[in-house]
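Colleague: Following this message is one structure expressed as structure tokens.
Read-outs throughout are calculated quantities, based only on the coordinates presented, and are distinct from any laboratory measurement. Keep in mind the model is a prediction, meaning the values are calculated, not measured. A quick note on method: Cβ atoms are made from the backbone with ideal geometry, for glycine too, and the neighbour counts reach across all protein chains shown.
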Amino acid sequence: MTSLREVLNRAEADKVAVGHFNFSDLAAFNAIVAAARDQRLPVMVGLSEGEREFTGVRQAAALVKAVRDEYDYPIFLNADHTHSIANAEAAAKAGFDEIIFDGSALPFEENIAQTKKAIEAIKSINPAILVEAEIGWIGASSAVLDKIPDGVGVLTTPDEARQFVEATLVDVLAPAVGNMHGMLASMVHGNVRKRLNIERIAEIKAAVRIFMTLHGGSGTNDDDFRKAIKSGMTIVHVNTELRLAWRRGVEAGLAAAPNEVAPYKILGAAVAAVKEVVSSRLELFSSR
Ligand code: G3H
Ligand code: ZN
């Protein structure tokens with residue numbers, strides 16, 4: 001079975017990105033797997049601490065293992081936005097491929113200190129797990145937002161990024177480059193798209209020379225995505241767009257059959273809606 005590191009090395013060389021999609025139920029999980037298998041593309045699935053609390057840490061790992069075992073498929077599991085060392089250790093023990101230790105809300109030096117501790121704890125359980133860290137503030141919610149959260153919009157500098165990576169020796173870096181978690185209502189309607197600072201992405205990549213992840217992918221301008229990937233983003237996270245599709249699918253499933261009580265009959269529309277979003281993003285991220 002190919003490792004996540006090998007898949008990322010290949011993507012980096014090809015100047016494409018691996019799509020990372022969050023899930024918290026079987027409808028979204030099956031939709032992500034179906035979309036990836038249709039295009040025969042490696043895929044990452046992730047769960048935040050809240051999403052893991054809902055599914056169960058080991059249960060999520062078992063789902064991913066089942067797909068790997070059944071289809072020999074390159075699907076990788078990420079413990080997204082992990083804020084405590086205890087939760088990072090639980091994910092490491094459950095067999096996650098990547099763990100994001102998110103100290104982005106901490107002062108810079110404290111983020112470095114906590115990230116180093118997290119890396120030590122995770123690698124002592126399994127040195128093959130990739131650890132990602134975040135610097136810069138891009139908000140925290142994959143939700144429809146009333147306004148841009150306070151503090152969002154300040155870009156990570158190449159110097160900060162270099163200093164952080166040299167001090168922590170982290171495997172993957174998530175910087176702030178114009179991206180933001182969640183979507184404004186105007187982005188949901190498609191009138192406004194998130195714009196990325198492509199030049200800054202290229203400068204940070206040149207400064208750190210490690211894998212980089214673009215968080216907050218929902219509602220981003222397609223051309224900016226293409227350029228960001230060519231400039232050094234090797235993983236792209238999308239969540240809010242999937243949550244919106246899931247909700248619309250559930251509503252459509254319920255409306256189509258008001259007397260239906262079988263969840264698998266109602267949720268088919270949610271699977272289809274999420275699959276459509278994942279398919280379109282995978283196509284974009286893998287285009288050369
Ligand atoms: O880690 C999750 C992502 O960064 C999702 O961001 O909800 O804006 O797509 P998004
Ligand atoms: Zn994120």
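Colleague: Considering the convex hull of the alpha carbon atoms of region 125-211, report its projected area averaged over all viewing directions, in nm², one decimal. Walk me through the numbers on the way to the answer.
Modeller: On the way: hull surface 27.4 nm².
One quarter of the hull surface, i.e. the mean projection, equals 6.9 nm².
Colleague: Counting other C-beta atoms within 10 Å, and keeping those with at most 13, which DSSP coil trypsin sites (Lys or Arg not before Pro) do you find in region 48-77?
Modeller: Filter output for region 48-77: empty list.
Colleague: So what's region 1-78 giving for Rg/Rh, alpha carbon basis, Kirkwood Rh from the mean inverse pair distance? Each step should come with its number before you reach the end.
Modeller: Details: Rg = 12.3 Å, Rh = 12.8 Å.
Rg/Rh: 0.96.
Colleague: Further question on the same structure: Provide the per-residue ³J(HN,Hα) series for region 228-241, in order, calculated from phi with Karplus coefficients 6.51, -1.76, 1.60 and θ = phi - 60°, each as a whole number of Hz, with x at glycine and proline positions.
Modeller: Result, rounded to whole Hz: 4, 5, 5, 8, x, 8, 10, 10, 10, 9, 9, 9, 3, 4.
Colleague: Between R209 and V261, what's the calculated FRET efficiency when r is the beta-carbon distance and R0 is 41 Å? Round to 0.05.
Modeller: That pair, R209 with V261, gives E of 0.15.
Colleague: While we're looking at this one, here's another question. Rounded to whole Hz and in sequence order, give me ³J(HN,Hα) for region 110-120 from the Karplus expression 6.51 cos²θ - 1.76 cosθ + 1.60, θ = phi - 60°, writing x for Gly and Pro.
Modeller: Coupling constants for region 110-120: 5, 4, 4, 5, 5, 5, 4, 4, 4, 4, 4 Hz.
Colleague: Using each residue's phi in region 94-105, evaluate 6.51 cos²θ - 1.76 cosθ + 1.60 at θ = phi - 60° and report the 3J(HN,Hα) Karplus result to the nearest Hz, with x for Gly and Pro.
Modeller: 7, x, 5, 7, 9, 10, 9, 8, 9, x, 5, 7
Colleague: Would you calculate the volume per residue, in Å³, of the smallest convex hull containing every Cα atom of region 188-231?
Modeller: Hull volume over Cα atoms, normalised by residue count, gives 60 Å³.
Colleague: Can you tell me the convex hull volume per residue for the chain, based on C-alpha atoms, in Å³ to the nearest whole number?
Modeller: Considering the Cα atoms of the chain, their hull volume per residue is 121 Å³.
Colleague: So which chymotrypsin sites (Phe, Trp or Tyr not before Pro) in region 46-92 end up in coil per DSSP with only 10 or fewer other C-beta atoms within 10 Å?
Modeller: Those that pass, being in a loop and sparsely packed, number zero.
Colleague: With the radius of gyration and the Kirkwood radius both derived from the Cα set of region 84-181, what is their ratio Rg to Rh?
Modeller: Ratio of gyration radius to Kirkwood radius for region 84-181: 0.99.
Colleague: If you filter region 186-224 for trypsin sites (Lys or Arg not before Pro), then keep DSSP loop positions with at most 14 other Cβ within 10 Å, what is left?
Modeller: Those that pass, being in a loop and sparsely packed, are R195, R209.
Colleague: For a distance above 18 Å, tell me the whole-number percent of Cα pairs in region 1-151 that qualify.
Modeller: The answer is 60 percent, as a whole percent.
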